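These notes concern the structure reproduced below.
The values are calculated or read from the model by the stated rules, or taken from the named source; none is laboratory data. Keep in mind it's a predicted model, so treat the numbers as computed, not measured. Here the Cβ positions follow ideal geometry from the backbone for every residue, glycine too, while neighbour counts run over all protein chains shown.
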Amino acid sequence: MTMGHTPYGYRIENGKAVVNEVEAEKIRALYSAYLSGAALKNAATAAGLDIPHGSVKRLLQNAHYTGDDFYPAIIDRETFDETEAELIRRATALKRNERKCKERPVRTAPTKFYIKKPETNYTDPVLQAQYLYSLIETEAI
């Protein structure tokens, strides 16, 4: 397993994830504050975290905190599920789930390619490749 980022609340020791208890307490406090009714940013502040609300939401949606094959549990599954339901409930109440994205025009890549007949051969492969690419003509359908 390659690790690009160790989630807040954990550290790696001897190739294994272990709970960083100081940070894990802040994660538990974050879930508790949010489920008590605090807004995302206020819940983070109450938990001792100085992070933007978008980061707070990502922490609250990080399923690693319930434990998996690599990460030990910091919170129980019930708390995680309640938090997810509360995130959805609040977004629905604020009509954030009803927002529609702007429709973008569908763009298609050219599907027919034509190349002129090469008239020159270069001994340098880079020059030859550049020359051949310059001969490509496309026709979009």
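A compact table of results
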read-out	value
Qualifying residue in segment 38-57 (condition: in a helix (DSSP H, G or I), in the same structural domain as Phe80 (by TED's automatic domain parsing), touching an Asp or Glu at 6+ places or on another chain (Cβ under 8 Å) and at negative phi)	yes
Residues located in segment 61-95, provided they are of a type in the set (A, V, I, L, M, F, W, C) and farther than 14 Å from Glu23 by Cα	Ala63, Phe70, Phe80, Ala85, Leu87, Ile88, Ala91, Ala93, Leu94
Yes/no for Glu86 being in contact with a Leu (Cβ under 8 Å, 6 or more places away or on another chain), part of a helix (DSSP H, G or I) and either modelled with pLDDT of 90 or more or not assigned by TED's automatic domain parsing to the domain that holds Glu21 (or both)	yes
Residue check for Phe113: surrounded by fewer than 15 Cβ atoms within 10 Å (Cβ to Cβ) and touching a residue at least 60 places away in the same chain (Cβ under 8 Å)	no
Subset of segment 75-90 [in contact with a helix residue (DSSP H, G or I) (Cβ under 9 Å, 6 or more places away or on another chain) and of a type in the set (A, V, I, L, M)]	Ile75, Leu87
Residue that is nearest to Lys26 (Cα to Cα) [pool: residues in segment 60-90 that are surrounded by 14 or more Cβ atoms within 10 Å (Cβ to Cβ) and of a type in the set (Gly, Ala, Ser)]	Ala73
